[in-house]
Amino acid sequence: MSYGDRRGVIQRTSIGRSLSAIVLIALLLSGCGDPNAEDVQSVKGGTIERAKILGPVEEGYWVDDSSVDGRVPGPNEVWKEGVARLADQPFQKLRSDYEWVPVETYWKPPIRTSLEGKIGFGSEWFRSAEFDAAAATDSDLTGSYYIEAETRGVIFVLKSKD
């Protein structure tokens with residue numbers, strides 16, 4: 001084998017190894033997925049389980065977790081965080097049935113990264129302690145609901161009752 005032939009074999013081997021490394025890296029980055037990625041659930045025109053007090057939503061997205069481990073005795077924490085847009089009539093009923101007070105100017109409720117951008121919101125947020133209490137009455141969850149009138153948007157952050 002001449003010097004030129006050996007050089008060609010070495011180059012082809014290097015290119016093959018480089019391509020193998022690139023494919024392996026791509027598989028590791030995309031094929032495995034993020035083990036911490038959250039499963040965003042959604043509904044259009046229906047109700048959100050555990051936030052049924054909102055009634056039917058035009059669209060809703062949420063992330064939830066039931067940290068249930070049969071090996072661990074005692075209560076397990078459950079949480080749910082989500083965003084929704086209500087139809088006009090259910091939103092107006094929600095606004096009129098409870099006393100809502102504005103939150104601080106320019107303040108925005110917390111939204112999980114996985115839910116950001118799912119629904120666009122305006123900037124004037126309201127909260128109702130009365131509604132939060134009513135929502136917790138027949139539920140195993142307690143938490144906070146925030147509404148935004150311009151877009152009929154809702155953000156909720158719920159967790160197991162202590």
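Every number in this text was worked out from the coordinates using simple rules, so none of it is lab data. Computed from a predicted structure; not experimentally measured. Quick reminder, even Gly has a Cβ in these numbers, built from the backbone with ideal geometry, and neighbours come from all protein chains shown.
Key figures
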item	result
Environment charge of Ile147, counting only residues whose C-beta is closer than 11 Å and scoring Lys/Arg +1, Asp/Glu -1	+1
Two-site FRET efficiency, Ala129 against Asp39, from Cβ-Cβ distance with R₀ of 35 Å, rounded to 0.05	0.70
Relative exposure of Trp62, Trp79, Trp107, judged by other C-beta atoms within 10 Å (fewest first)	Trp107, Trp79, Trp62
Charge context of Tyr106, other residues only, Cβ under 14 angstrom, K/R +1, D/E -1	-2
Projected label distance in nm at Glu99 and Ser139, using a 7 Å step from Cα toward the beta-carbon	2.1
